[in-house]
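Notes for the one structure printed next.
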Amino acid sequence: SPRQLSSALFVLGCVKAQEADAEAAASRRRAMHEIAARYLKKALKLELDESRHGQANYLLGRSLVRSGQAQEAIRVLEESLNDPEQPAAEIHSLLVIAHLDGREPDLKSALRHNEIVLADPTLDDAKRQHATIVSAEAMIRLGRRSAARELLQQLQADGVEEANRVLTSGRIDLAEAEEAPVDSKERAELLQRAQEQLQLVAQLDTTHGRPTRQAALDEWARIVPRLEEA
């Protein structure tokens with residue numbers, strides 16, 4: 001029956017999402033979350049028990065985000081917030097990712113959801129560090145550089161998040177340098193400080209992952225040409 005089929009598809013979606021989380025390879029995780037999303041979509045279209053809708057929407061939204069379909073995830077994640085049994089803090093974190101994804105990100109909505117994440121007293125320190133940096137990055141893109149700088153200065157981070165904090169701080173200096181007069185002392189000082197911070201990222205990021213690559217790209221694409229102009 002449609003009810004039995006929807007229940008079976010719901011279980012398959014839950015299992016596949018759990019298996020996806022356990023996958024070591026990013027490409028495999030993405031593909032398996034995509035399969036999980038298909039199962040869960042079909043379950044919701046059929047006669048899935050009403051008591052399961054909140055969980056199904058949460059898992060569907062999560063798998064949509066994890067499989068690169070973030071924009072589609074927004075509606076179902078927002079619906080899942082209506083179920084108090086679902087993990088609200090994680091859902092708001094997923095909505096931050098979803099609103100930042102795509103060519104036209106909704107920065108204000110992302111920042112609003114991230115403020116809810118940061119207000120959670122149970123949030124562990126590593127996640128709080130990451131969420132704070134995400135807020136700073138959104139503020140920069142909204143033109144609120146002073147607020148972003150203040151937020152980063154207050155943050156006590158470690159490991160890769162300290163690398164991300166320094167990277168973001170360097171980007172603020174770089175953005176301000178690009179707006180300063182070409183021959184000004186202020187511009188030269190900002191460029192130098194930005195370069196020093198971007199070079200520091202590789203020392204802080206011991207695995208030489210994403211922060212290191214982004215810092216190197218910013219230095220060679222945005223700082224070196226400007227230093228050569230001077």
- Note on the structure: Exactly one of 25, 31, 37, 70 is farther than 23 Å from residue 100 by Cα and under 22 Å from the mean Cα position of the chain (by Cα), and that residue is 25
- Six or more apart or on different chains, Cβ under 8 Å: which pairs go from a residue in the range 202-224 that's within 11 Å of residue 167 (Cα to Cα) and assigned to a loop (DSSP other than H, G, I, E, B) to one that's open to solvent by 50 Å² or more (accessible area, probe 1.4 Å) and at pLDDT 90 or above? Could you list them? 205/160
- Item | Selection within the range 138-153 - of a type in the set (A, V, I, L, M, F, W, C), surrounded by fewer than 17 Cβ atoms within 10 Å (Cβ to Cβ) and under 15 Å from residue 100 (Cβ atoms) | 142
- Query: Just for the range 65-83: of the residues that are closer than 12 Å to residue 55 by Cα and of a type outside the set (D, E, K, R), which one is most open to solvent (accessible area, probe 1.4 Å)?
  - Reply: 82
- Note on the structure: Residues of the range 174-201 being open to solvent by 40 Å² or more (accessible area, probe 1.4 Å) and touching a residue at least 40 places away in the same chain (Cβ under 8 Å), in sequence order, are 178, 182, 183, 188
- Would you say residue 12 is of a type in the set (A, V, I, L, M, F, W, C) and under 28 Å from residue 116 (Cα atoms)? no
- Message: Going through 158, 106, 124, 101 one at a time, which residue ends up being touching a His at 6+ places or on another chain (Cβ under 8 Å), surrounded by fewer than 22 Cβ atoms within 10 Å (Cβ to Cβ) and closer than 27 Å to residue 65 by Cα?
- Response: 106
- Task: Please tell me if residue 62 is among the charged types (D, E, K, R) and open to solvent by 80 Å² or more (accessible area, probe 1.4 Å).
- Result: no
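Residues are listed down the side, and each one gets a yes or a no for (1) among the polar types (S, T, N, Q); (2) free of Cβ contacts under 8 Å to residues at least 40 places away in the same chain; (3) farther than 20 Å from residue 6 by Cβ; (4) assigned to a helix (DSSP H, G or I):
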{"site": "53", "(1), (2), (3), (4)": "no, yes, no, yes"}
{"site": "56", "(1), (2), (3), (4)": "no, no, no, yes"}
{"site": "65", "(1), (2), (3), (4)": "no, yes, yes, yes"}
{"site": "97", "(1), (2), (3), (4)": "no, yes, yes, yes"}
{"site": "102", "(1), (2), (3), (4)": "no, yes, yes, no"}
- Query: Hey, residue 175 hits all of (1) out of contact with any helix residue (DSSP H, G or I) (no Cβ under 6 Å at 6 or more places or on another chain); (2) hydrophobic (A, V, I, L, M, F, W, C); (3) in a loop (DSSP other than H, G, I, E, B) but one; which does it fall short on?
  - Reply: (3)
- Message: Show the residue pairs meeting these rules: Cβ distance below 8 Å; 6+ apart or different chains; first residue within the range 70-81 and under 13 Å from residue 56 (Cβ atoms) and of a type in the set (Asp, Glu); second residue buried (at least 24 other Cβ atoms within 10 Å of the Cβ) and modelled with pLDDT of 95 or more.
- Response: 79/57
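Report yes if some residue within the range 113-121 is over 30 Å from residue 157 (Cβ atoms), among the acidic types (Asp, Glu) and part of a helix (DSSP H, G or I); otherwise report no.
So far as the range 113-121 goes, no, none of its residues is over 30 Å from residue 157 (Cβ atoms), among the acidic types (Asp, Glu) and part of a helix (DSSP H, G or I).
So, residue 171, is that one closer than 21 Å to residue 211 by Cα, open to solvent by 60 Å² or more (accessible area, probe 1.4 Å) and either over 15 Å from the mean Cα position of the chain (by Cα) or at pLDDT 95 or above (or both) or not?
Spelling it out, residue 171 is indeed closer than 21 Å to residue 211 by Cα, open to solvent by 60 Å² or more (accessible area, probe 1.4 Å) and either over 15 Å from the mean Cα position of the chain (by Cα) or at pLDDT 95 or above (or both).
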- Query: Can you tell me which residues in the range 17-43 are free of Cβ contacts under 8 Å to residues at least 24 places away in the same chain, in a helix (DSSP H, G or I) and open to solvent by less than 70 Å² (accessible area, probe 1.4 Å)?
  - Reply: 26, 32, 35, 41
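The values are calculated or read from the model by the stated rules, or taken from the named source; none is laboratory data. Note that the structure is a prediction, hence the values are computed from the model and not measured. As a convention, Cβ positions derive from the backbone with ideal geometry for all residues, glycine included, and neighbour counts pool all protein chains shown. Heavy atoms of the whole protein, side chains included, go into the accessibility calculation; ligands, DNA and RNA do not. Shrake-Rupley method; radii C 1.70, N 1.55, O 1.52, S 1.80 Å.
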